[in-house]
Amino acid sequence: MHLETIPVFKPLIETEEILASQRALEMGWLGMGSYVGEFEEALKTFLGARDREVVAVSTGHAALHLGLLLLGVGSGDEVITPSFNNAADFQAILATGADPVFCDIEEDSLCINLASAAELVSPRTKAMIVMDYDCVLCKHDEVAAFARTHGLRVLHDAAHAFGSSYRDRAVGSFSDVAMFSFDPVKTITCIDGGALVVRTEDERRRLHEMRLIGMSQPAKVMYNNARAWTYDMQAIGFRYHMANLHAAIGLAQLAKIERIASSRREACLYYNEHLRMIDEVIVPKTNFAGITPFLYYIRVPAKKRHPLRAFLNERGIETGIHWQPGHWFTLFKNCHRGDLSVTDRVGHEILSLPLHSMMATNTLDRIISGIRSFFGRSS
Ligand SMILES: Cc1ncc(COP(=O)(O)O)c(C=O)c1O
């Protein structure tokens, strides 16, 4: 019997997304328009962040780049980030002219290790990026205290944590500047998209200009599917705005976030329950309360990771690696860094298993059974 390949990621595209796309295309206003304004409002409501401003942009990478610029990061500055982070974060730091400085992660959460970060603070350090590695969030209270002590600005990369909450507050609603990605594989997708959550109207205005090649065109005009033909330009800008079609898809996805979140949480709990019994497998240390998981990962002995991947692949089960640490890349191999022993170990052990919204139990069973057989247990 031919078994269907199980991909690592599988977007949930249903009738609502297809109808939303059709409506957006038929509207005839393809650039940034009314759906973008609606999407920002819907995100703000979802986050319960009435005291914050939400700005939609073209990608998560664009959000990171603009977020760093907003925090005043530029040439000659240093930005501390875990080396165990997405390449987009490192590239966004470079794009501002600043240098990434790599700190280690905690063994349990796989998020930033603040003691390691403390050793790297220098007179050039301007900001830090903290990212929630999916199933377990950063210790955000400690991050805020650390930033205050060292006089640093914080960019919270919440690309993996959309829909999660920390101490009963929505992720994205409490940081200096937070960002999300809605790329093709994220918990909710806009095909491509991102968003920044900031504190003040002035920050929102600056982001509006920067995302639109520096044009001071009022967003409220564009949200009426129109444009101002005259405008000023006062600061650097990029073509980073979100398109109407993408926002329309994002709105359709956001409307089903509860269903998406609970199905992903259940799948992760199922994985944890069945995989924690295998001696050589380390599962995420969490009960997933308040978490909307984007990725499900395990750690396996470094020597067994590639054989396990090959074994599963032969059985039509794809796996991923999130991530290769930053300091392993040629571009960043000379970056300033601290002791990265946990990152180096985790970088060789980490393995992402398939996680989809509405994942069928028999799909999960096939994956679990493959892993159990590899490690020599009966399936
Ligand atoms: C943690 C993290 N930050 C940032 C990004 C960049 O987002 P995008 O792909 O939307 O540019 C990603 C994308 O995978 C990510 O996982």
Carbon and sulfur %, accessible surface of the chain computed with the full protein complex present, 1.4 Å: 52 percent
Amide N proximity, the range 109-132 versus His336 label position 7 Å along Cα-to-Cβ, cut-off under 18 Å: 113-130
Estimated translational D of the range 251-331 in µm²/s (Stokes, Kirkwood radius over Cα pairs; 20 °C; 1.002 mPa s): 143 µm²/s
Histogram of C-alpha separations across the range 1-115, 10 Å bin width, %: 11, 24, 31, 24, 10, 1
Net +/- balance of residues flanking Thr286 in space, Cβ distance below 12 Å, scoring K and R +1, D and E -1: 0
In order through the range 295-304: 3J(HN,Hα) via Karplus (6.51 cos²θ - 1.76 cosθ + 1.60), integer Hz, x for Gly, Pro: 10, 10, 10, 10, 10, 10, x, 3, 5, 9
P(r) of the chain over all Cα-Cα pairs, binned every 20 Å from zero, in whole percent: 29, 56, 15, 0
Alpha-carbon Debye profile of the range 123-206, log10 I(q)/I(0) at 0.14, 0.17, 0.27 Å⁻¹: -0.50, -0.72, -1.36
Value at 222 nm in deg cm²/dmol, rounded to 500, when DSSP H runs of n ≥ 4 in the chain each add -39,500 (n - 2.57): -11500 deg cm²/dmol
Ellipsoid semi-axes in whole angstrom, largest first, where each is sqrt(5λ) of the Cα gyration tensor of the range 220-297: 44, 16, 9
GNM result for the chain, Cα springs below 10 Å: residue of Gly60, Gly97, Gly347 fluctuating most strongly: Gly97
3J(HN,Hα) from dihedral phi, the range 236-248, Karplus parametrisation 6.51/-1.76/1.60, rounded to Hz, x for glycine, proline: 4, x, 9, 8, 10, 6, 8, 8, 4, 4, 5, 5, 5
Unpartnered cysteines - no second Cys beta carbon under 4.7 Å - across the chain: Cys103, Cys135, Cys190, Cys268, Cys335
Under 18 Å from the Ala235 label point (7 Å along Cα→beta-carbon), backbone N, the range 83-104: 93, 95-98
Selected from Ala42, Ala145, Ala261 as most flexible by GNM, with the chain as the system and alpha-carbon contacts under 10 Å: Ala145
Per-residue ³J(HN,Hα) for the range 108-115, Karplus 6.51 cos²θ - 1.76 cosθ + 1.60, θ = phi - 60°, Hz, x for Gly and Pro: 7, 8, 6, 9, 3, 9, 5, 5
Spread of Cα-to-Cα distances over 10 Å intervals beginning at zero, given as percent, for the range 100-163: 21, 59, 19, 1
Pairwise centroid distance, computed over Cα atoms, of the range 1-76 with the range 101-152, Å: 26 Å
Per residue accessible area of the chain, 1.4 Å probe, in Å²: 42 Å²
Counting DSSP beta bridges with both ends in the chain, the antiparallel % (nearest 5): 55 percent
Local electrostatic count at His160 - Lys and Arg +1, Asp and Glu -1, tallied over other residues with Cβ under 13 Å: -3
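The values are calculated or read from the model by the stated rules, or taken from the named source; none is laboratory data. Predicted, not measured: the structure shown is a model, and the values here were computed from it. For neighbour counting, all protein chains shown are included, and Cβ atoms are generated from backbone atoms with ideal geometry for every residue, glycine included. Please note that ligands, DNA and RNA were not included when accessible areas were found on the heavy atoms of the full protein model with its side chains. Shrake-Rupley method; radii C 1.70, N 1.55, O 1.52, S 1.80 Å.
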